Amino acid sequence: MKLFDCPVIGKRPISEFDYCGEVRRPPLDADETAWADFVFNRNGAPQVLREWWYHRPTGRWYIMERDTLKDEVQRFIDPQEVRYDIPA
Amino acid sequence: MPWRLLKYGLKKTHDEPRFFPAAKPLKSGYDVVIIGGGGHGMACAYYLAKEHGITNVAVLEQGYIGGGNTGRNTTIVRSNYLTPEGVRFYDTSLKLFEDLSDDFDLNIFYSTRGHFTLAHTDSALRTMRWRAEVNKRHGIDSEVVDREFIAREVPYMDLDCAGHSAVQGALYHAPGAVARHDAVAWGYARGAYNRGVEIHQKTRVTEIRTQGDQVVGVQTDRGFISCNRVISMVAGSTPRITEMVGLRTPIEIFPLQACVSEPVKPFMDTIVVSGSLHVYVSQSSRGEMVMGASVDPSVLHSTRSSFDFVEGLTDKMLDLFPFMSRMKVMRQWAGMSDITPDFAPIMGKTPIKGFYLDGGWGTWGFKATPVSGKTMAWTIAHDKTHELIEPFRLSRFADFDLVGEKGAASVGH
């Protein structure tokens, strides 16, 4: 079984995690073309992606940078790094 | 056969005719360059030469013919899709498949089996009824059948599914079939070669050159080729190619794994799919049980296999076929699926003049091999998107006009 080395909860089976895709920021004030691009288009080529992972047993969200060619996690990201303010 | 085998076994040379000779040096230019020498690429080259008289064509393949997803799928051909667009498209493909052996003068082992999609819940059965009605409307042999019918046709299956998710009924598609995938790729390749197409294996495209918004050539690891029409038919490598021309698409790559058991005597003449359990199985002409499940959970550009896959698959498979507990898994592998959000392909012209796209084939590409080759060849010859593939145009993601084929993907995703 594949293990995921998490800095907070240690080594856990990868099957305990849900993959929730790339961390992306919505274009809060944009036209329809920009919105369609945000909703559908993805960075599909192999690269280092910043992704959401959800650990089901503990109910915690993690953000990690992973090389999608080698399947190697390179860095854990503090959610503060990717936060943005939603305009009131 | 044994005598022939012995004769060749004892001979120092092997004089079986080759399908096509090793490639010559690349020319400095072609009318059309096809990137990807899988089933789709070969079919496109074949129909370009056969139906449109365009023979100054090069097929560039970074590995070898049919060594990508064409050789990694589980060879099922069917047309019982959910949307009218999908049904029309895949049924044209199925009909082309039925005549391919004659067309190639090569046995592709096309074998009509009958295809069951099991429903374990009321809601699944409801989707089956919906699909059956759409199918019948388009003249496809497709119907919802009850447990008695399934028990008669697939007597070795445990319909109670070990007692925890009993089969309620199924969508039955009599024309569902399997075919020899390598023969399909090689048959198209030979037909294309005999009509003048050049096939270059071990030739990787590294750059697509454009001038303004017009394609002018491709750079390969064997030199530059000038051409005004380039088509990408590379399935799991599609994002790498579209990135070269700066085209954004919704395609994401997820590995799809499959495995075969050791060969056993023929007993299973149907194809069984369970969308709820996420597994499917058929028996190959060699006697192996060909088994697959849904795609891996996270994006990955790799064809590695995992133990988690076999563990999850066999757990579900034994619920349906308990007697398989004593069979051994002989081989497992993976392919890279280029998944789209609406589970339909992306085909046709693109905003870049002379760059055509045939991608987003996810887990449904093999069955579309003939029709995609044929419609893309038409599209290139006329520089106009063929009407059958109009619904699959890339711009549907800008117009919010998606196809919505999710309900008909062979296993749940």
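Here, each number is a calculation from the coordinates, and none is a lab measurement. Keep in mind the model is a prediction, meaning the values are calculated, not measured. With ideal geometry, Cβ positions are generated from the backbone for all residues, glycine too; neighbour counts draw on all protein chains shown.
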What's the exposure ranking of B:LYS7, A:LYS70, B:LYS50, B:LYS374, going from fewest to most Cβ atoms within 10 Å?
B:LYS7, A:LYS70, B:LYS50, B:LYS374
Work out from phi, with θ = phi - 60° and the Karplus expression 6.51 cos²θ - 1.76 cosθ + 1.60, the ³J(HN,Hα) of each residue of the range B:73-90, listed in order in whole Hz, and give x for Gly and Pro.
7, 9, 6, 8, 10, 7, 9, 8, 7, 9, 9, x, 4, x, 4, 4, 5, 5
Identify, among B:ILE208, B:MET157, B:THR379, the residue whose Cα sits farthest towards the positive end of the charge dipole of chain B, taking +1 on the Cβ of Lys and Arg and -1 on the Cβ of Asp and Glu, with the dipole about the Cα centre.
B:ILE208
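Using only helices, what value at 222 nm comes out for chain B when you add -39,500 (n - 2.57) per DSSP H run of length 4 or more and divide by the total residues, to the nearest 500 deg cm²/dmol?
It comes out at -9000 deg cm²/dmol, rounded to the nearest 500.
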Where labels lie 7 Å past Cα in the beta-carbon direction, separation of A:ASP37 and B:VAL216 in nm:
2.6
Excluding B:CYS259 itself, calculate the net charge of residues whose Cβ lies under 12 Å from the Cβ of B:CYS259, where each Lys or Arg counts +1 and each Asp or Glu counts -1.
0
Straight-line reach only, C-alpha to C-alpha below 18 angstrom: list the aspartates and glutamates that B:LYS353 could link to, leaving out same-chain residues fewer than 8 apart.
B:ASP31, B:GLU207, B:ASP213, B:GLU243, B:ASP383, B:GLU390
Between the range B:163-231 and the range B:365-382, how many Å separate their Cα centres?
10
Enumerate by residue number the GluC sites (Glu not before Pro) in the range B:46-98 meeting two conditions: DSSP loop (anything except H, G, I, E, B), and at most 15 other Cβ atoms within 10 Å of the site's Cβ.
none
Size of the dipole of the protein assembly as shown about the Cα centre, Lys and Arg at +1 and Asp and Glu at -1 on the beta carbon, nothing else charged, in debye to 20?
1520
Less than 16 Å from a label point 7 Å out along the Cα-to-Cβ axis of B:THR112: which backbone N atoms in the range B:371-408 qualify, by residue?
none
Once amide H atoms are built 1.01 Å from N in the peptide plane, which residues 5 or more positions from B:VAL205, or in another chain, come under 5 Å H to H?
none
Cα→Cβ-extended label distance, 7 Å offset, between B:TYR156 and B:ASN56, nm:
5.6
Between B:ASP103 and B:GLU133, what FRET efficiency follows from the Cβ-Cβ distance if R0 is 35 Å, with the result rounded to 0.05?
0.60
At 7 Å along Cα-to-Cβ for each site, give me the label-to-label distance between B:HIS382 and B:GLU16 in nm.
4.0
Amide H partners (placed H, <5 Å) of B:VAL216, local residues excluded:
B:ARG209, B:THR210, B:GLN211
Using alpha carbon centers only, the range A:15-77 is separated from the range B:87-147 by a whole-angstrom value of 36
What do you get for chymotrypsin sites (Phe, Trp or Tyr not before Pro) in the range B:139-210 restricted to DSSP loop and a cutoff of at most 15 other Cβ within 10 Å of the site's Cβ?
B:TYR156
Out of B:SER28, B:SER142, B:SER395, any idea which swings most in a Gaussian network model of chain B, alpha carbons joined below 10 Å?
B:SER28
In debye, nearest 20, what is the charge dipole magnitude of chain B about its Cα centre with +1 on Lys and Arg Cβ and -1 on Asp and Glu Cβ, if you could check?
1240
Kindly write out, for the range B:272-283 in residue order, the coupling ³J(HN,Hα) from the Karplus curve 6.51 cos²θ - 1.76 cosθ + 1.60 (θ = phi - 60°), rounded to whole Hz, with x marking Gly and Pro.
10, 10, 10, x, 6, 8, 6, 9, 8, 8, 8, 9
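Rank these for me by crowding, B:MET42, B:MET128, B:MET347, B:MET268, going from fewest to most other beta carbons within 10 Å.
B:MET268, B:MET128, B:MET347, B:MET42
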Global geometry of the protein assembly as shown, whether rounded, prolate or oblate, following the gyration tensor of its Cα atoms and the 1.5 cut on a/c
rounded
Total charge dipole magnitude, chain A, about the Cα centre, Cβ charges on Lys, Arg, Asp, Glu only, Debye to nearest 20:
480
Do any of B:LYS95/B:LYS384; B:LYS50/B:LYS384; B:LYS95/B:LYS374; B:LYS202/B:LYS367; B:LYS202/B:LYS374 go past 22 Å between their Cα atoms, and which?
B:LYS95/B:LYS384; B:LYS202/B:LYS367; B:LYS202/B:LYS374
